[in-house]
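Worksheet: the structure to be examined is printed underneath.
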Amino acid sequence: MPLFDLSLEELRTYRSASTEPEDFDAFWSKTLQEAREHDLDARFEPVDTGLTTVQVYDVTFAGFGGHPVKGWLTLPAGATQPLPLVMEFVGYGGGRGLPHEHLLWASTGRAHFVMDTRGQGSAWGGGGGTADPVGGGPSYPGFMTRGIDDPESYYYRRVFTDAVRAIEAARSHPLTDASRTVAVGGSQGGGIAIAVGGLVSDLVGVAPDVPFLCDYPRAATLTDRHPYREIGLFLKTHRGRTQDALRTLSYFDGVHFAARGAAPALFSAALEDQTCPPSTVFAAFNAWAHDDKAIEVYDFNDHEGGGPFQQAAKLRWLRTYA
């Protein structure tokens, strides 16, 4: 696929037309306050994985609505002192998978927490096991229009709240250093990382790769590839509801979370990416509030982005922050 979006020069100055709701901060403050009325109830159960270089814990904590959410906490074997914490969020349709799928970050001497995404975990990888009590058990995508009639009922309200609570759960473990917490993720996971970057004020770094869930007005009309295409297909049937849908989505747009990003950030974008078009990624990057930010650009790559090269870039980058 040749280049289809703006030129790199245009991308570096592009700004989203997404309109931020006047009550954006109040909406999220209320949402998180309600979630915190439930006991976090973070439980860490050791798992015999057969791996000798790491210790893995099967984690359960209370997310949105007090609903149980799963995760893996992986520590270097023999850790005795609090370690920098890498919070990872996964791509669309995936779940937390199996412990041996997540060895990179613990291999650097850091604690690593990967969150299961409620209702997903049925499209790729090792699967997941966190139901969405509002919308049912783990299922095949799509999720983009679940509850889109109202911000209160929209699916990603629950997911983003789970992610904030996941950070709180991981930080509650005695071998994690809350003061050195970084959020990472690719695609949907990158979008979630941007969201927590705007909702959690004391992260020391955020690294979203080819992030999803950004600049909905452009994404929904620029690409015909799923998952963004789910929005267009919904509106194709539900004629005349475009503005209502975009209003709901504006509460979950990475561009608006990025405007509150209080930590250094390393983004990545791929110029042939039709799943998360580069202009939607740059919309969030250009809006990122913290001055210490950088973006890696992969000229001839689609949604795989930088792949292992971007992993190496993050390994180098993270040395400065955690």
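The values are calculated or read from the model by the stated rules, or taken from the named source; none is laboratory data. Everything numeric here is computed off the predicted structure, so don't read it as measured data. Please note: Cβ atoms are built from the backbone with ideal geometry, for glycine as well, and neighbour counts cover all protein chains shown. With ligands, DNA and RNA removed, areas are computed over all heavy atoms of the protein, side chains included. Shrake-Rupley method; radii C 1.70, N 1.55, O 1.52, S 1.80 Å.
Details
- Measuring only protein heavy atoms, the 1.4 Å probe finds residue 224 accessible over about 110 Å².
- Of all DSSP beta bridges confined to the chain, the antiparallel ones make up roughly 45%.
- With Cα atoms, 0 to 90° folded angle of helix 278-287 axis to the chain main axis: 70 degrees
- Each residue of segment 304-316 was assigned a 3J(HN,Hα) from its phi angle through the Karplus expression (A = 6.51, B = -1.76, C = 1.60, θ = phi - 60°), giving 5, x, x, x, x, 5, 6, 4, 5, 5, 5, 4, 5 Hz with x at Gly and Pro.
- Kirkwood estimate for segment 64-136, i.e. one over the average of 1/r between Cα atoms, Å: 12.9 Å
- Cα pair distances of the chain binned at 20 Å [whole percent]: 35, 60, 5
- Here segment 273-322 has 52 percent of its accessible surface on carbon and sulfur atoms, given a 1.4 Å probe and all protein chains in place.
- If you model segment 212-322 as an ellipsoid using its alpha carbon gyration tensor, with each semi-axis the square root of five times an eigenvalue, the axes come out at 28, 17, 9 Å, biggest first.
- Volume in Å³ per residue [convex hull over Cα atoms, computed for segment 73-198]: 99 Å³
- Per-residue packing, averaged as other Cβ atoms within 10 Å, sorts the ranges 249-257, 153-161 into the order 249-257, 153-161, beginning with the highest.
- Calculated mean residue ellipticity, 222 nm, the chain: -8500 deg cm²/dmol, from DSSP H runs (n ≥ 4) at -39500 (n - 2.57) each, averaged per residue and rounded to 500.
- Note on segment 1-156: along the principal axes its Cα atoms extend 50, 43, 32 Å, ordered by decreasing extent.
- Solvent-accessible area assigned to carbon and sulfur over segment 167-260 amounts to 51 percent, based on a 1.4 Å probe.
- Put simply, the amide H of residue 54, placed in the peptide plane, has neighbours under 5 Å in 77, leaving out anything fewer than 5 places away on its chain.
- Of the solvent-accessible surface of segment 2-84, computed with a 1.4 Å probe over protein heavy atoms with every protein chain present, carbon and sulfur atoms account for 49 percent.
- For segment 226-232, backbone phi angles converted through the Karplus equation (6.51, -1.76, 1.60; θ = phi - 60°) give residue-by-residue couplings of 5, x, 4, 4, 4, 5, x Hz, Gly and Pro being listed as x.
- GNM flexibility winner over the chain from 31, 13, 275 (Cα, springs under 10 Å): 13
- Residue-normalised accessible area of the chain, given per residue in Å² at a 1.4 Å probe: 39 Å²
- Per residue convex hull volume, Cα atoms of segment 135-245, in Å³: 126 Å³
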